[in-house]
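Only one structure is covered here, and it is reproduced in the block below.
The values are calculated or read from the model by the stated rules, or taken from the named source; none is laboratory data. Predicted, not measured: the structure shown is a model, and the values here were computed from it. Here the Cβ positions follow ideal geometry from the backbone for every residue, glycine too, while neighbour counts run over all protein chains shown. For accessibility, only protein heavy atoms count, side chains too; no ligands or nucleic acids. Shrake-Rupley method; radii C 1.70, N 1.55, O 1.52, S 1.80 Å.
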Amino acid sequence: MSLGLPPGPPGRLLVGNLFDLPHDQQHLKFHEWSKEYGHVIHISILGQHIVVLNSLQAISDIFETRSAIYSSRSRQPMIIELVGWGWFFAMLPYGEEWRKGRRAFHQYFNPGAVEEYQPQLIQAARKSLGRFLADPDEFFAHVRHMVTALIMDVAYGIEISHKDDPYIQVAEVAMASISESGMPGAFLVNHIPILKYVPVWFPGAGFQKKAKYWRKVVEDMINKPFQNVADAVRQGTATPSITSAALQGLPEEMEDTAHERDTIKYLGGIAYTVSTAHNWFLAMAMYPDVQKRAQAVLDEVVGTSRLPDFSDRDRLPYIEAMIMETMRWQVITPLGECVLYGLSFAFPHCSTEDDEYQGYFIPKGSLVFGNAWSILHDPKEYPDPERFNPERFLEDGRINPNVRDPRVAAFGFGRRICPGRFLSDRMMFSLVTSVLSVFDIAPPLDQEDNPVSLKPALSPGIIGMSAPFKCAIKPRSPAAEDLIRIHSEKP
Ligand code: HEM
């Protein structure tokens, strides 16, 4: 007897469940369906099988135990073949090329390696304090500036001095090219790959013009900073960075090898870390008691005459719990980094063999999502899950190992789990501790001087990205203001 597909809402002829899904917050719909159909559900969209896993057990069985056949990505001719993102391993199917890219990345971003960057992380966070002081209303841009500056510093030793720096702008257009090219239905070539041979001049080949423009932007993004570092290394003026280290002592004709190995696989993480930091600002403005508690802890452990650094981290379990709660509360990759409509930055896992799970058939080529939101908002694990409450992770003033660490779901799963998670964790620590030591964050006031009530909201279409909101950021005291000035002016 042949096995049936996992249960799920009935679809329509040809289009399947295309019209059953909302355009955003799809994780909520999947969560609702899971109550009716169980933890493993199946839908189809235009003939594409999609399986959604809504429990940690199913996620672990599929993405961990059977990782050999659930770790690929689907074919994306527009992004990979036309726009030219093939060098970025996050997009590659499971196999030797992906493995090589991931190994090289891990070499620079494993927990031991990121420890080396801690002084740069602290420096970048401290420099950003001056920008928060000078122009607090622009805090969204300052967060983005800080995270981008950090990654460019670590990768290239390049200083990003202004929030409108061309490097930031080029990287943003390049990132948008991934999101837009990957949108199902947006480009026919994704469904009929042979169309990639249609020449640019052919009527209706608008996608080729778009691909050509994006290809140039992506090439600029990866070539310009690399060339700058290569020139500086030759002239002996390079500052320490991953790329300069890879180039040191390499003859000019070998530079391409270093370029292949070291191209900026790092920028992808910017959007996620920025969004996580924005959510943290929102939590601070919405939950003043949590903020006060965190500041009291910082004052007690660090004092008020200096700024915190990584040597303080072991003595700050409350801050640790606050970072964990930020990852859980408004999980920014609720479906483990994918979305069916709207913008997405990378792709779901794709299965490479026919499989059977719990008596159901999962066809080869299925897109498989883990619903991280369901896991991180499970009221049995996290009572009152909508509330931002770092205390849930603490027992007797220490991290309670019996409460599920949100990082089991917030960074994706199995062999594709986010390899930038150690860096983003350190970025969050340096940002939240530096900011809270010297600033108070509050909701903005309305025309009658009453605090505006804030609530989490997502930017329409952009998965996990918080919608812009305002908050009032003020120095905690004149002494705190002095501390900000001293540190943000240091070279
Ligand atoms: C809070 C910040 C971040 C979050 C929530 C996050 C989340 C994720 C998620 C959910 C995935 C997909 C995993 C999967 O397919 O199962 C992923 C993949 C990835 N992330 Fe992150 N990420 C963050 C920061 C970063 C940073 C800072 C970097 C780079 C320095 C980075 C680099 C990558 C790469 C290269 C992949 C692709 C891995 C692969 O396909 O093998 N991420 N991330």
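Observations, loosely collected:
- Accessible surface of region 46-156 [probe 1.4 Å, protein heavy atoms]: carbon and sulfur percent: 52 percent
- Candidate lysines for bridging to LYS100, where Cα separation is under 18 Å - those fewer than 8 sequence places away on the same chain excluded: LYS265
- Axial C-alpha extent at least 24 Å, average Kyte-Doolittle at least -0.5 - helices from the chain (DSSP): 118-134, 139-156, 268-286, 421-438
- Area accessible to solvent at MET327, 1.4 Å probe radius, in Å²: 20 Å²
- Judged by the ratio a/c of the largest to the smallest principal axis of the C-alpha gyration tensor, region 111-165 counts as prolate, that ratio being 1.5 or greater while a/b is larger than b/c.
- Over all other residues within a Cβ to Cβ distance under 15 Å of ARG75, the charged ones net out to +1, with Lys and Arg as +1 and Asp and Glu as -1.
- Cα lying deepest toward the dipole's positive end in region 24-129, options LEU129, ILE50, GLN76, charges on Cβ: LEU129
- Cβ charges +1 (Lys, Arg) and -1 (Asp, Glu), total dipole of the chain, debye: 800 debye
- Per-residue [θ]222 nm for the chain (sum of -39500 (n - 2.57) over DSSP H runs n ≥ 4, rounded to 500): -14000 deg cm²/dmol
- Spin-label zone in region 294-320 - amide nitrogen under 18 Å from a point set 7 Å from the Cα of ARG387 along the C-beta vector: 294
- Proximal charge balance of LYS364 [Cβ under 11 Å; K/R count +1, D/E count -1]: -3
- Given LYS29/LYS127; LYS29/LYS209; LYS210/LYS470; LYS127/LYS210; LYS163/LYS212, the pairs whose alpha carbons are separated by over 30 Å: LYS29/LYS127; LYS29/LYS209; LYS210/LYS470; LYS127/LYS210
- Note on VAL15/GLU356: beta-carbon distance plugged into 1/(1 + (r/R0)^6) with R0 of 35 Å gives a FRET efficiency of 0.80.
- Remark: the chain carries 45 Å² of accessible area per residue (probe radius 1.4 Å; ligands, DNA and RNA excluded).
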